[in-house]
Each structure stands twice: as structure tokens, then as C-alpha cells.
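Here the structure comes first, spelled out in C-alpha cells, and everything after it is commentary.
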Amino acid sequence: MSGWPYTTAAWRRLRAAKLADKPVCEVCEMRGRTVLAKAVDHRVAIAAGGPAFPPLSGLRSMCASCHNYKTNVADRPDRQAKLGSAFKGCAADGSPISPDDDWFQ
Ligand SMILES: [Zn+2]
């Protein structure tokens, strides 16, 4: 992540507030794992029309691994339509994390 809005004081405050509110990776949490979050991600990418400074509910705390994966796979313009399938794996109850996972089809 680089450039606007990540260089702004407003983002740093928002990011710190999110990590204080949700200090563990929300993706790993869905898999039943507790991993300390290092990054804060927009649930709706700015490139996809999402707000740069959404409320905390519009953000997602992520560990470095999940964030790197999401950045590499999901944050590409040609992949925006597939954002929902950005995360592989299953939730703690055994259902896939991604709503458009093949499991549901
Ligand atoms: Zn994670």
C-alpha cells in the first residue's frame, strides 16, 4: 500500500482506531485461528468505488499473510468482480469463507 489515502494523518488515525477495535486478523478468525493483525484493509476497494475513510465496519483487520494474498489476488482491476472469492479456505464451521466458492454451486 502506498500513496493516497495511506499517507494521510486521517488514515493513520483510522487505521490505529481499527486495530485497537479489532486487533486480530478477521480472515484468520473466520478460519478459527487467532493471528495478530498488521494491516487494515478496505472491505470495498477504493478502486471499486469504496470510501477512502469508511466507518470501522467498512474496514477489515488482516495479518500480513492474508493482506498480501488479498492485495496480490483481489486488488487488481480485472479481479474486482471476484473480490468475494479472494479468500480460500473454510470457516470454523466447515463452510467456505467466500460466498461464491464452488462449494455452494
Ligand atoms: Zn490472516
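Observations on the model:
- Restricting the stretch 46-67 to residues that are among the aliphatic types (A, V, I, L, M) and buried (at least 18 other Cβ atoms within 10 Å of the Cβ) leaves a set whose member that is farthest from the ligand (Cβ to nearest atom) is L59.
- Within the stretch 1-45, the set of residues being open to solvent by 50 Å² or more (accessible area, probe 1.4 Å), assigned to a loop (DSSP other than H, G, I, E, B) and among the aliphatic types (A, V, I, L, M) comprises M1, V44.
- For first residues located in the stretch 1-22 and over 17 Å from N68 (Cα atoms), partners that are modelled with pLDDT of 95 or more and in a helix (DSSP H, G or I) and lie 6+ apart or on another chain with Cβ distances below 7 Å form the pairs P5/W11; A17/L56; K18/L56; D21/L56.
- Output for the stretch 7-41, where each listed residue is among the acidic types (D, E) and near the ligand (Cβ under 10 Å from one of its atoms): E26, E29
The values are calculated or read from the model by the stated rules, or taken from the named source; none is laboratory data. Predicted model, so just to flag it, every value in this text is computed and none were measured. All Cβ positions, even for glycine, are placed from backbone atoms using ideal geometry, and neighbour counts span all protein chains on display. Surface areas here come from the heavy atoms of the whole protein model, side chains and all, with no ligands, DNA or RNA. Shrake-Rupley method; radii C 1.70, N 1.55, O 1.52, S 1.80 Å.
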